[in-house]
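In what follows, a single structure is set out as structure tokens and then discussed.
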Amino acid sequence: MKYAVIRVNGRQYKVEEKEEVLVDFAGKKEIKPEVLLISEEGKVEIGKPVLEKAKIEFKVLAEAEKGTKIDVLKYKSKSRYKKHTGFRPVFTRILIEKISI
């Protein structure tokens with residue numbers, strides 16, 4: 001099983017080939033994944049901090065996709081204070097086509 005750990009917009013994701021991944025919405029910026037680790041058939045290569053020779057080929061499937069709603073509740077006892085807000089985070093869906101060293 002071949003997989004990699006990549007960093008996109010400051011967050012890390014474990015990805016495999018032919019897998020769809022939801023990453024944080026980048027807006028108008030170009031998505032540049034940095035490869036931190038690659039594992040192939042038990043052989044692991046770790047970057048310090050990034051593997052320069054590794055490449056990730058990907059395709060953007062959906063630019064601004066909304067995720068599930070996240071509810072934020074605030075409550076203070078004995079003071080009758082309740083507040084409910086929520087939001088839906090925006091993601092970019094990418095398809096990992098190839099992981100190469």
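Structural remarks
- For LEU22 and TYR75, a Förster radius of 22 Å and the Cβ-Cβ distance give a FRET efficiency of 0.15, rounded to the nearest 0.05.
- Projected label points at HIS84 and ALA64, each 7 Å from Cα along the beta carbon direction, are separated by 2.7 nanometres.
- Amide H contacts of ASN9 (H built 1.01 Å from N, under 5 Å, at least 5 apart or other chain): LYS32
- Across the options VAL15, THR85, THR68, the greatest Cα extent toward the positive end of the charge dipole of the chain (unit charges at beta carbon of Lys, Arg, Asp, Glu) belongs to THR85.
- Charge dipole (debye, nearest 20) of the stretch 1-65; +1 at Cβ of Lys and Arg, -1 at Cβ of Asp and Glu: 280 debye
Any read-out appearing in this document is the output of simple, stated calculations on the displayed coordinates, not a laboratory observation. Since this is a predicted model, take the numbers as computed values, not measurements. Using ideal geometry, Cβ is built from the backbone for each residue, glycine included, and neighbour counts are taken over all protein chains shown.
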